[in-house]
Amino acid sequence: MNESFTLAGLTFRNRVLVASGTFGYGDEVLGLVDVNALGGIVTKSLSMKPRDGNPAPRITETASGMLNSIGLANIGVQKFIEEKIPKLSLISCAVIANIAASSIEEYCAVLEALDSFEVIAGFEINVSCPNVKEGGLSFGTDKTKVVLITKELRRRTKKPLIIKLTPNVTHISEFARAVESEGADAVSVINTLIGMAIDIRTHKTKLSTVTGGLSGPAIKPVAIAKVYEVYRAVKIPILGIGGITSWEDAIEFLLAGASAIQVGTYNFVDPSAGAKIAAGIKLFCEQQSISDVGELVGAVQAERKLSVIESWL
Ligand code: SIN
């Protein structure tokens, strides 16, 4: 049974990755979790300089989910190179560096700083963080900027280039089409949805930044609909993300059109969830006499005439 997946010349052992921001830089869990049972690790977003992120409170639980307003806190690319890359070189699953920035120049500089390291198998570009004033959503909701970022980064790397899209737009498929035409190798669908929570006794917002990004099982049906929409619009592979907690969830994403999936918020509950999900997908396929997990990708049976999404495409 073939579990592997190839993206722009890069072969992932299986179709389960861990999502940016939910697994540190990948090295913290070594010895605790068998990371080599994963298809890949996506690092926390890296910027040129270290960032402290937003003031606390910046995480709050919600029904079946979590709101975060971390604000892209990270150690900066230089410290990542010095302290994390040597440890990551010891693992055999694919390491994808996620990049966030407040200018196009910064995206380019971070990518150029990392491109020559063999252990960095590819890049995921965060144009979708809802928690920062510069960059993030202000780029990700502006198609002209997303196109420019993709074009500039494409010129600078031959490694797989994955653009992580926001669901906080009217039609995510338009953004997917735009980055595909600029040479992106794949899209990650979706980042978090803007949300807000209020303490009814103090009347204060539960996050210091008022709003944050909603993740977890609460967003799973939204994410699946976005994957389905994007699958109908582009030919490049989709990495599906949003509330996955089980192999059954992962298979739903594959059927909707994801070529691979990323486990996010659930890593905070069980850091070995990704490995368990990969094992569950394998067993399911064996039981169903499916010889390649890829057979499931986009295999949903949907009555297209009744789908409103078709009229957007
Ligand atoms: C954050 O650091 O604020 C979360 C990252 C993201 O939503 O892209």
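A compact table of results
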| quantity | calculated |
| --- | --- |
| Verdict on ILE281 being in a helix (DSSP H, G or I) and crowded, with 19+ Cβ neighbours inside 10 Å | yes |
| Residue in region 80-97 that is farther than 26 Å from ASP34 by Cβ and within 16 Å of the ligand (Cβ to nearest atom) present | no |
| Complete set of residues in region 149-173 that are in contact (Cβ under 8 Å) with a residue 40 or more places away in the chain and farther than 22 Å from ILE238 by Cβ | GLU152, ARG156 |
| Among the residues listed as VAL297, VAL293, VAL263, the single one being within 19 Å of GLU3 (Cα to Cα), in contact with a Cys (Cβ under 9 Å, 6 or more places away or on another chain) and either in contact (Cβ under 8 Å) with a residue 24 or more places away in the chain or buried (at least 23 other Cβ atoms within 10 Å of the Cβ) (or both) | VAL293 |
| Residue match in region 26-39 (condition: more than 13 Å from the ligand (Cβ to nearest atom), β-branched (Val, Ile, Thr) and surrounded by 19 or more Cβ atoms within 10 Å (Cβ to Cβ)) | yes |
| Flag for VAL110 being under 19 Å from the mean Cα position of the chain (by Cα), within 13 Å of the ligand (Cβ to nearest atom) and not in a strand (DSSP E or B) | no |
| Flag if ILE85 is assigned to a loop (DSSP other than H, G, I, E, B) and surrounded by fewer than 21 Cβ atoms within 10 Å (Cβ to Cβ) | no |
| Only listed residue being among the charged types (D, E, K, R) and free of Cβ contacts under 8 Å to residues at least 24 places away in the same chain, chosen from LYS204, LYS145, LYS235 | LYS204 |
| Sole exception among (1) hydroxyl-bearing (Ser, Thr, Tyr); (2) surrounded by fewer than 22 Cβ atoms within 10 Å (Cβ to Cβ); (3) within 12 Å of the ligand (Cβ to nearest atom) for SER47, by number | (2) |
| THR6 being among the β-branched types (Val, Ile, Thr), away from the ligand (no atom under 16 Å from the Cβ) and out of contact with any Lys or Arg (no Cβ under 8 Å at 6 or more places or on another chain) | yes |
| Count - residues of region 62-74 that are more than 6 Å from the ligand (Cβ to nearest atom), closer than 16 Å to MET48 by Cβ and touching a residue at least 60 places away in the same chain (Cβ under 8 Å) | 0 |
| Test: ILE59 is more than 16 Å from GLN262 (Cβ to Cβ) and within 11 Å of the ligand (Cβ to nearest atom) | yes |
| Considering residues of region 238-271 that are aliphatic (A, V, I, L, M), in a strand (DSSP E or B) and in contact with a helix residue (DSSP H, G or I) (Cβ under 6 Å, 6 or more places away or on another chain) only, the residue farthest from ALA19 (Cα to Cα) | ILE238 |
| Subset tally (residues that are under 30 Å from VAL119 (Cβ atoms) and either of a type in the set (Asp, Glu) or over 16 Å from the mean Cα position of the chain (by Cα) (or both)) for region 151-177 | 9 |
| Filter pass, THR209 being touching a Lys or Arg at 6+ places or on another chain (Cβ under 9 Å) and surrounded by 17 or more Cβ atoms within 10 Å (Cβ to Cβ) | yes |
| Residue count for region 212-223, restricted to those that are within 18 Å of VAL269 (Cβ to Cβ) and either more than 15 Å from the ligand (Cβ to nearest atom) or part of a helix (DSSP H, G or I) (or both) | 5 |
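Rundown of residues vs (1) of a type in the set (Asp, Glu); (2) in a helix (DSSP H, G or I); (3) in contact with a Gly (Cβ under 8 Å, 6 or more places away or on another chain), yes/no style:
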| residue | (1), (2), (3) |
| --- | --- |
| ALA225 | no, yes, no |
| ILE236 | no, no, no |
| ALA275 | no, yes, no |
| GLY298 | no, no, yes |
| GLN301 | no, no, no |
| SER311 | no, yes, no |
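Read the figures in this text as sums done on the coordinates, not as results from a lab. Nothing here was measured: the structure is a model prediction, and the numbers come from that model. Because the Cβ atoms are built from the backbone with ideal geometry, glycine has one as well, and the counts that use them run over all protein chains shown.
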